[in-house]
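The values are calculated or read from the model by the stated rules, or taken from the named source; none is laboratory data. Just so it is clear, the model here is predicted, and its values are computed rather than measured. Here the Cβ positions follow ideal geometry from the backbone for every residue, glycine too, while neighbour counts run over all protein chains shown. Surface areas here come from the heavy atoms of the whole protein model, side chains and all, with no ligands, DNA or RNA. Shrake-Rupley method; radii C 1.70, N 1.55, O 1.52, S 1.80 Å.
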Amino acid sequence: MTTEGFAFTVEARDGRARAARLSTPHGDVVTPCFMPVGTKATVKAVAPRELRELGAQVVLANTYHLYLRPGSEIVAAHGGLHGFMGWDGPILTDSGGFQVFSLESTRVIRDEGVEFASVYDGSRHVFTPELAVRVQEDLGADIIMAFDQCAPGTLSLDEVAAAVDRTTRWAAACKAAHRRPRQLLVGIVQGGVDEALRRRSAAEIGDVGFDAYAIGGLSVGERGDDMLATVELMDELLPGDRLRYFMGIGDPLGMIEVIRRGVDVFDCVLPTRLARTGTVFSGVGRMNLRNARFADDLAPLDESCDCYACRTFSRAYLRHLVVQREILGAHLLSLHNLRVLLRLCADARTAIRAGRFAEFAEYVAERYSAGG
RNA sequence: GGGGGAGUGCCCGAGUGGCUAAAGGGGGCGGACUGUAAAUCCGUUGGCGCAGCCUACCUAGGUUCGAAUCCUAGCUCCCCCA
């Protein structure tokens, strides 16, 4: 790896699955690794100290949202995101590429960049690859993302192809603009679920050349088998000695399936969002705690979970918090859902190193088969 | 003692002769959520033998082809003056 302060080593393989180590200026990350999402420099409802206790190694923040509020200069005044949000481990910032997709109704894509209407006050902002890199340099995350156009495979082939082209040009512009040392810039592959477009995007992004690669544009509405087939293809196309990051997957079953196909790290809002809407991952699939059947259920959320919520409270109490919209409910359920994913990753690492990943995956599939 | 106002579905609250099984909100029940515009959004919410019928807008009568809506009496509640 050519980026100063970083190293990446695959330490064990089991099938396509890998157990690896990424060294960063803020510590090592062992993979497979789930990265909690903290868009506005906070993993909603969970304090950094708790993230650490849960076993989180890296957290995300979002360039576009922090650029709008509070503004990167405020963050920079704290010495960057680490000081600002009180997390001393590795941080990754997404570039704003996802907002090109999620804020579709308030944005206009042009070849030079994307014009957004601020979701806060309607003011217009043009995000370019150069600006996305500059803001990310100011924010000071360890790992930063190229500015891309997230285009789901549900769009027309022409649209996905156009997104592939722009993503390549923008990736080159990001690389050229990147100046800050000791900061890992990650290139993103697009192409929806079309094999030819994925091959083209992987080749082009690979030609630009990055020390780590991300798989973007998946888990955004396409069919599950198409998604997994695309991940398998990416395993063949991406260099085996570089970190692979699947952007946006965080359900227990899906996570295991992408680990099985050679992905090292991934992030997702799902565990914390589900928690805030009353749903938890459990050994019997997802449980929506608002359901009346939990009203008098004195059992813990999940007998086998070691999180604070499971060790301390009954389903009936947690349901009460959720139904009454007590803020503690969002907090406790977030702790639990994050713990489930982080523990699964820890177990996956152990299994890969022991050459027992297939067996482990089978166990997870059985345990979380009810949609967990 | 005098004057005025109000009683609607689990709750609040629109509705003042047919388009009303009754707006809207809350609550209840259920669903969704995957690089976070999300403590959000969606559906549903009288009963049944369910293209129909039954029961429903404080109670009991009445007017009318037809009443939550008009009339009479009663019950309950609220406000103002003394």
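Worth pointing out:
- When we screen A:196, A:212, A:162 for residues that are out of contact with any helix residue (DSSP H, G or I) (no Cβ under 8 Å at 6 or more places or on another chain), free of Cβ contacts under 8 Å to residues at least 24 places away in the same chain and either open to solvent by less than 50 Å² (accessible area, probe 1.4 Å) or basic (Lys, Arg) (or both), the only hit is A:162.
- Exactly one residue out of A:220, A:193, A:186 is within 16 Å of residue A:159 (Cβ to Cβ) and in contact with a Leu (Cβ under 9 Å, 6 or more places away or on another chain), and it is A:193.
- Some residue of the stretch A:68-76 being touching a Cys at 6+ places or on another chain (Cβ under 7 Å) and either surrounded by 16 or more Cβ atoms within 10 Å (Cβ to Cβ) or of a type outside the set (Gly, Ala, Ser) (or both): no
- Wholly enclosed strands (runs of 3 or more DSSP E) of the stretch A:92-153 bearing at least 3 residues out of contact with any Asp or Glu (no Cβ under 6 Å at 6 or more places or on another chain), within 14 Å of RNA strand B (Cβ to nearest atom) and open to solvent by less than 20 Å² (accessible area, probe 1.4 Å): A:113-117
- Counting only helices (runs of 4 or more DSSP H) that sit completely within the stretch A:248-360, those holding 1 or more residues that are within 23 Å of the chain's Cα centre (by Cα) correspond to A:252-260, A:270-276, A:327-353.
- Residue check, residue A:89 open to solvent by less than 30 Å² (accessible area, probe 1.4 Å) and either outside any helix (DSSP H, G or I) or away from RNA strand B (no atom under 12 Å from the Cβ) (or both): yes
- Residue within the stretch A:61-74 that is closer than 25 Å to residue A:198 by Cβ, in a helix (DSSP H, G or I) and away from RNA strand B (no atom under 11 Å from the Cβ) present: no
- Count - residues of the stretch A:240-287 that are polar (S, T, N, Q) and farther than 17 Å from residue A:36 by Cβ: 1
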